[in-house]
Amino acid sequence: MKKVYLFLLLISTVASMQAQKNLLNLLVGTYTNTCYSKGIYTYEFDTNNAQMRLKKSSDSIVNPSYLSFSKDNKFVYAVNENGEESTISSFGFDSVSGKPSFINKESSKGADPCYIINDDQNVIVANYSGGSISVFGKKQDGGLTEAKQVIQHYGNGTNADRQEKSHVHMVYFSPDKKYVLSNDLGNDKVYVYNYNPTATTDVLTLKDSVSVKAGSGPRHLTFGKKGKYMYLLQELDGSLTTFSYAEGKLTPINETSILAKDFKGAPSSADIHISPNGKFLYASNRGEANTISIFKILKKGKLEPIGEVSTLGKGPRSFVIDPTGKFLLVAHQYTNDIMIFKIHKRKGTLTDTGKKIDLCSPVCLIFNN
């Protein structure tokens, strides 16, 4: 009888462990100035069935519109997009409760930060309206030091309304972590910086810059699974450019568009991601489209369009693919919800699951590492 009990206990324990593996923390960053929001929300996401359960939220903070987990999941870093008064915040993170606990904040040293990355030594931020990149060190408790480097971009583009000056829209580590890439929507350039993580002042030094089509407005980028190709999404005209990548050098090799052939409205490209299996690329278009475009990734980085799917909301500023590759979640800034789609692993197509979460102005979705 005792052996039977121990066997049943073992089976129960293994089943419980398997169930826990399916549960991930999903963090959502929001805008807090358009409707009621505390800022950062943590949801439990079940990768088996796409069920979501609210766990915790931050105490009230201003516009945490982009978030970044530390490698060990113990800390979260957030931009606080607030014009000239913008800051960068650090939080301790309890993976069990899901609670982000405020540590400290520092001036972003540039207006309207919109993207943030971090590694063991540094936190690096793209300041959109400020047209600059700011680099912060990390304290032992996970908090931020004052900015130890600020790099100002200059220049403008052909779109007088959107490209009157530099607008840094992204910072992104290269696959080998030797470089940091930065997209500037205002001057139609992608910058490549040498990354010196232990430096006290010159953490980033310019290696190269690549110009893209005039007026296209580079916004977000992502790398293919093997790191040989980089895909650049341009906000202002819907362009999607493929580059070969090696040792910090970008070479454009192909260009397509995320816009449907019969689309006549104003484009406003937003986010771009590749499926965990490396076979499909997804890109969102806001504006008058509110769609996600799907591409199959062929040999030598070439893209084959599969089609577009309505995101069933307005303003798909951010989306994320869960680590298992089963589901794609879309955050709608203007209809205040997160829609969940099922991914067909072989075809890459998206199907509405009928599940969604209502939340004030969600604009950033990230899973814990």
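Report the net charge of residues surrounding A126, where surrounding means a beta-carbon distance below 14 angstrom and charges are Lys +1, Arg +1, Asp -1, Glu -1. After counting each charged neighbour, the total is -1. Computed extension length for D72-E255: 62.2 nm, one decimal, from 0.36 nm per residue of separation with the Cα-Cα distance subtracted.
With the simple spin-label model, which puts each label point 7 Å out from Cα in the Cβ direction, the L54 to N196 separation comes to 4.8 nm.
Full extension of the chain segment joining D141 with T349 gains 70.6 nm, where the gain is 0.36 nm per residue of separation less the Cα-Cα distance. Hey, if you drop one equal point scatterer on each alpha-carbon of segment 61-152 and run the Debye formula without solvent, what base-10 log of I(q)/I(0) do you get at q = 0.13, 0.23, 0.25 Å⁻¹? The calculated log intensity ratios at q = 0.13, 0.23, 0.25 Å⁻¹ are -0.35, -1.09, -1.26. Diffusion of the chain by Stokes-Einstein, at 20 °C in a medium of 1.002 mPa s and with Rh set to the Kirkwood radius over alpha-carbon pairs, works out to 102 µm²/s. Using the rule -39500 (n - 2.57) for each DSSP H run of four or more residues, divided by the residues of the chain, the 222 nm mean residue ellipticity is -2000 deg cm²/dmol. The residues packed around D46, meaning those with a beta-carbon under 10 Å from its beta-carbon, carry a net charge of -1 if Lys and Arg are +1 and Asp and Glu are -1.
Stretching the chain fully between E85 and L298 yields a gain of 72.2 nm (0.36 nm per residue, less the alpha carbon separation). Across segment 273-369, Cα-Cα pairs more than 21 Å apart make up 27 percent of the total. Taking the number of Cβ atoms within 10 Å of each Cβ as an exposure proxy, the fewest-first ranking of M230, M52 is M52, M230. Within segment 185-256, the GluC sites (Glu not before Pro) that combine a DSSP coil assignment with at most 11 other C-beta atoms in a 10 angstrom radius are E247. R0 = 22 Å: FRET efficiency of E247 with D119, Cβ-based, nearest 0.05? That gives a FRET efficiency of 0.70. Within the chain, the cysteines lacking any other cysteine Cβ closer than 4.7 Å to their own Cβ are C114, C364. Note down the net charge around V180, summing +1 for each Lys or Arg and -1 for each Asp or Glu among other residues with Cβ under 15 Å from its Cβ. Its environment carries a net charge of -1.
A short reminder: the numbers here are calculations on the coordinates, not readings from a lab. Remember, it's a predicted structure, so these values are computed and weren't measured experimentally. Using ideal geometry, Cβ is built from the backbone for each residue, glycine included, and neighbour counts are taken over all protein chains shown.
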